[in-house]
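The next block holds one structure in the form of structure tokens; read it before the comments.
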Amino acid sequence: MTGRRRAKSGQHGPELLARAPEVIAARLRLMAEGLADPLNADHTEMRLMASEKVEALSASAAATSRHLHHIAGQMSEAASREAGEAARTARAVLTAGNPLTVASLQTAWMLGLWYRAAETGLALSRRMETAGQDALRPFHRATIANADRLKR
């Protein structure tokens with residue numbers, strides 16, 4: 001994700017929180033009017049209340065599922081990689097000629113493990129950030145469109 005997209009996406013949460021009350025207030029007013037006069041209620045808007053939520057939830061769930069699938073793959077690759085590194089180090093330790101070589105091999109493995117764990121953690125963190133933004137995007141899009149439409 002580019003810096004510009006990350007910055008713009010970072011604004012979605014606060015904007016959603018600011019604009020959602022506008023939509024809620026407008027729709028509560030429409031529901032009250034509909035209860036007072038059901039024949040002249042805004043039935044189109046009433047239908048949208050449910051269908052837009054289902055649409056946003058579906059899009060959000062699909063985005064989240066895609067990201068979780070990718071994250072599971074990353075974690076599986078990392079675990080497999082570490083098992084291989086541990087096996088290679090164990091073989092090298094078993095054939096080492098002296099204690100100094102053993103200590104050197106173990107130290108190199110541990111430092112490598114820490115580096116790879118940090119690298120994997122950062123990659124997963126970036127993916128989770130993107131997953132959250134992608135999960136929020138359908139709700140943001142619908143809320144902003146509703147707020148603008150209902151303002152008229």
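Odds and ends about this structure:
- One residue stands out among those in segment 82-126 that are surrounded by 13 or more Cβ atoms within 10 Å (Cβ to Cβ) and among the charged types (D, E, K, R): the one that is nearest to the chain's Cα centre (by Cα), which is 116.
- Scanning segment 37-58 for residues that are touching a helix residue (DSSP H, G or I) at 6+ places or on another chain (Cβ under 7 Å) and either within 12 Å of residue 146 (Cα to Cα) or aliphatic (A, V, I, L, M) (or both) returns 41, 45, 46, 49, 52, 56.
- All of 57, 68, 105, 35 fail the test of being modelled with pLDDT of 95 or more, part of a helix (DSSP H, G or I), among the hydrophobic types (A, V, I, L, M, F, W, C) and farther than 23 Å from residue 136 by Cβ, apart from 105.
- Sole exception among (1) surrounded by 11 or more Cβ atoms within 10 Å (Cβ to Cβ); (2) over 30 Å from residue 55 (Cβ atoms); (3) free of Cβ contacts under 8 Å to residues at least 24 places away in the same chain for residue 132, by number: (2)
- Tabulated pairs, segment 110-121, first part of a helix (DSSP H, G or I), second at pLDDT 95 or above and surrounded by 13 or more Cβ atoms within 10 Å (Cβ to Cβ), C-beta under 6 angstrom, 6+ apart or interchain: 120/78
- Residue check for residue 76: within 20 Å of the chain's Cα centre (by Cα) and either surrounded by 11 or more Cβ atoms within 10 Å (Cβ to Cβ) or in contact (Cβ under 8 Å) with a residue 40 or more places away in the chain (or both): no
- Some residue of segment 40-53 being surrounded by fewer than 12 Cβ atoms within 10 Å (Cβ to Cβ) and basic (Lys, Arg): yes
The values are calculated or read from the model by the stated rules, or taken from the named source; none is laboratory data. Only a predicted model underlies this, so the values are computations on that prediction, with no experimental measurement involved. FYI the Cβ positions are ideal-geometry reconstructions off the backbone, even for glycines, and counts take in every protein chain you see.
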